[in-house]
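The values are calculated or read from the model by the stated rules, or taken from the named source; none is laboratory data. Keep in mind the model is a prediction, meaning the values are calculated, not measured. No Cβ is skipped: glycine too gets one built from the backbone with ideal geometry, and neighbour counts run over all protein chains shown.
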Amino acid sequence: MPYTVLVHILNEEAVVGEVDKLPEPVDQVLIIKNPRYRDGREVSYILPEATAVIYPWTRIHCVEVMPGEEEAERVITFVRE
């Protein structure tokens, strides 16, 4: 099951993409498929025909794991009536 992640890269705008599995503590790189900015624009420093990007952990500040479709249905929000 792929996970959607938001990757915060040092001195760059955050990039959204999919990973096949969550990274392990021994991993040296993070491989992101379908990289794009949060608003859906293409990442300026990646060629448009590229389908995946390999980022070394030394360039990554943090990674946010976004909720999947199943988890999004279970999220309880406050509704004002």
Considering segment 22-81, residues that are surrounded by 10 or more Cβ atoms within 10 Å (Cβ to Cβ) and at pLDDT below 90, and then whichever is nearest to residue 10 (Cα to Cα), we arrive at 67
At least 2 residues that are touching a residue at least 40 places away in the same chain (Cβ under 8 Å) in each: list the strands (runs of 3 or more DSSP E) lying fully within segment 1-70 that qualify. 3-9, 60-65
Can you go through 48, 2, 35, 25 and tell me which one is within 16 Å of residue 59 (Cβ to Cβ) and not basic (Lys, Arg)? 35
